[in-house]
Amino acid sequence: MSMYLPAEFIVQVDYSRCRSCRRCVAECGFGTLSYQNDRVIADHKKCAACQRCVSTCPEGAITVIHNPLAYKKNYHWTPEHIKNLHKQAATGGKLLTGGGNDKVYKSYFDHMVLDACQVTNPSIDPLREPMELRTYLGSKPDSLSFTCLENGEYKLETEMSPQVRLEVPIVFAAMSFGAISLNAHKALAMAAKECGILYNTGEGGLHKELYAYGDRTIVQVASGRFGVNHEYLNQGAVVEIKCGQGAKPGIGGHLPGEKVNQEVSQTRMIPVGSDAISPAPHHDIYSIEDLSQLIYAIKEATNYEKPVCVKIAAVHNVAAIASGIARAGADIIFLDGFRGGTGAAPTIIRDNLGIPIELALAAVDERLRREGIRNKVSIIAAGGIRSSGDMAKAIALGADAVAIGTAALIAMGCRLCQKCYTGNCSWGIATQRPELTRRLNPEKAAECLTNMIRGWSLELKEILGSLGVNAVESLRGSRERLRGVGLSDTELDILGIKPAGR
């Protein structure tokens, strides 16, 4: 059946410009290129369009294009469906993919616009006036009590839950060591420290070299409990219980044994070369009561000094789930929408399960406010956040902060070839092959990440100034500042916003 599987991409080599330096052959992590009969030859079926050869060719002699192979026009049986059927006819397996959902679903961020101030409520110039982006994650009391001391100072009497400070309302999303390289993890940790934000270990444990960044680390407790022990829990600033993921709600994870080298083995506490398979559910969580028990077990293990976060995928009953999580004792809820990225997921799951983060976020914020428990938890929104504009709109819909994963990888050099699960990442990000991982300079990647965060920060200040507010806290949940463009009445009602022009 392999005869029915045409190459998805074509590598074109301009031999009039190629000087046979063979750099492209060395740079390709997928083995697409070889040197035969005094020229570079491409095995087109191996090409993932990662663009590494295009970017590194000193003569600019290589181009990668989509295979123009013609299929009979059919709006229902698209070329993608036909190719996928051929793949499964040849292999009998489930199709895997990486990255986020790339289907033509509506992006609600692109159908919302923000209000602006002009005369009666003048805007604020962020170049001349201070703008407060600092955000605190954790459970907040509904009110504060103070006692006036004899010296005229005031003492806070209200007992506060643990809080973690973000200088910018951004965290780096969960990406495990194993799914991505140690150099990529180092870059995230260094950038998080420089920017005063947080990065997330994902479900792969914490490498010893990153213990120095503990105060900027979210440590994750996933269903496989890889790398989880008392020392690990107490190393981070926040502990996150992962119940679901936007890219693959309702299923677990799978790190192929080929990616489990000695360092991954030690960090995850599993044998070298063994598959790291996370079950779909936590086998000690089958109710909100079970979840509450685990939350308080973690709080006991960390001496009640760290906020506990629960990560869930955005699904149709997400508001009710979030309400239960808030009442179960969690300090933070991490909402992950269906455009969230992943290192590996069944294509059918990524493309068909879950709901957009915009709708889930609005529903959760509205439900928690209606029940009078919104202050009990902070909300982190994730799942396709692409820019400071998306971030501002997510905060206006009710998020305290946003998490970025794919955007962070792109800032480090990722070209979204979506072949992370193969372990052949030519950019040294989603791989454990030493000849590839060394291509990613963690210091340089951290600098790129820091530049991105600073750029988003400046843009968020501009947005706040345009809205006539000087603190990001004033934007949180302020849906009156949003308007919908091209949305139905039902969509506007779920989002809790008015149509543009009203």
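For region 159-176, the count of residues that are surrounded by 20 or more Cβ atoms within 10 Å (Cβ to Cβ) and among the aromatic types (F, W, Y) is at least one.
Looking only at residues in region 236-262 that are surrounded by fewer than 21 Cβ atoms within 10 Å (Cβ to Cβ) and not in a loop (DSSP other than H, G, I, E, B), the one that is modelled with the highest pLDDT is Q262.
Could you count how many residues in region 410-432 are in contact with a helix residue (DSSP H, G or I) (Cβ under 6 Å, 6 or more places away or on another chain) and of a type in the set (A, V, I, L, M, F, W, C)? Final tally of qualifying residues: 4. Listed by first and then second residue, the pairs with beta-carbon distance under 8 Å, at least 6 apart or on different chains, first residue in region 249-277 and in the same structural domain as E435 (by TED's automatic domain parsing), second among the acidic types (D, E) and modelled with pLDDT under 90, are H254/D275; L255/D275; P256/D275; G257/D275; V260/D275; G273/E258.
Quick one: in region 1-31, which of the residues that are under 18 Å from R439 (Cα atoms) and under 31 Å from the mean Cα position of the chain (by Cα) is surrounded by the most Cβ atoms within 10 Å (Cβ to Cβ)? That would be C24. Under 7 Å between Cβ atoms, at least 6 apart or on separate chains: pull out the pairs that start in region 411-423 with a residue that is free of Cβ contacts under 8 Å to residues at least 24 places away in the same chain and end on any residue that is part of a loop (DSSP other than H, G, I, E, B) and crowded, with 20+ Cβ neighbours inside 10 Å. That search, which allows pairs on different chains as well, returns C414/W427; C414/I429. All conditions in (1) surrounded by 17 or more Cβ atoms within 10 Å (Cβ to Cβ); (2) modelled with pLDDT under 95; (3) not hydrophobic (A, V, I, L, M, F, W, C) hold for N200, with the sole exception of (2).
Checking the stated criteria, I124 turns out to be over 29 Å from the mean Cα position of the chain (by Cα), surrounded by 15 or more Cβ atoms within 10 Å (Cβ to Cβ) and not assigned by TED's automatic domain parsing to the domain that holds S16. For beta carbons closer than 6 Å, sequence separation of 6+ or different chains, a first residue in region 312-338 that is under 22 Å from I385 (Cα atoms) and a second that is charged (D, E, K, R), the qualifying pairs are A313/D336; A319/R367; F334/K311.
State whether one or more residues within region 50-58 are more than 22 Å from G423 (Cα to Cα) and β-branched (V, I, T). Show your work before the answer.
Applying the first criterion (more than 22 Å from G423 (Cα to Cα)) to region 50-58 yields 57-58.
With the extra rule that they be β-branched (V, I, T), the set shrinks to none.
So far as region 50-58 goes, no, none of its residues is more than 22 Å from G423 (Cα to Cα) and β-branched (V, I, T).
So in region 180-201, with the set limited to residues that are over 13 Å from the mean Cα position of the chain (by Cα) and assigned to a loop (DSSP other than H, G, I, E, B), which one is farthest from G455 (Cα to Cα)? Going through the qualifying residues, I end up with S181. Kindly indicate whether any position in region 279-301 is touching a residue at least 12 places away in the same chain (Cβ under 8 Å), within 30 Å of K103 (Cα to Cα), in the same structural domain as A345 (by TED's automatic domain parsing) and crowded, with 22+ Cβ neighbours inside 10 Å. The answer is no, given that none of the residues of region 279-301 is touching a residue at least 12 places away in the same chain (Cβ under 8 Å), within 30 Å of K103 (Cα to Cα), in the same structural domain as A345 (by TED's automatic domain parsing) and crowded, with 22+ Cβ neighbours inside 10 Å. Would you confirm, using the coordinates I've provided, whether R165 is in a strand (DSSP E or B) and within 26 Å of G196 (Cα to Cα)? Against the criterion (in a strand (DSSP E or B) and within 26 Å of G196 (Cα to Cα)), R165 qualifies. Considering region 368-384, the residues that are of a type in the set (A, V, I, L, M) and touching a helix residue (DSSP H, G or I) at 6+ places or on another chain (Cβ under 6 Å) include one that is nearest to V171 (Cα to Cα), namely A381. Checked against (1) crowded, with 24+ Cβ neighbours inside 10 Å; (2) over 12 Å from S181 (Cβ atoms); (3) in contact with a helix residue (DSSP H, G or I) (Cβ under 8 Å, 6 or more places away or on another chain), G389 passes all but a single condition, namely (1).
The values are calculated or read from the model by the stated rules, or taken from the named source; none is laboratory data. Keep in mind that this is a model prediction, so the values were computed, not measured. Heads up, the Cβs are rebuilt from the backbone with ideal geometry, glycines too, and the neighbour counts pull from every protein chain shown.
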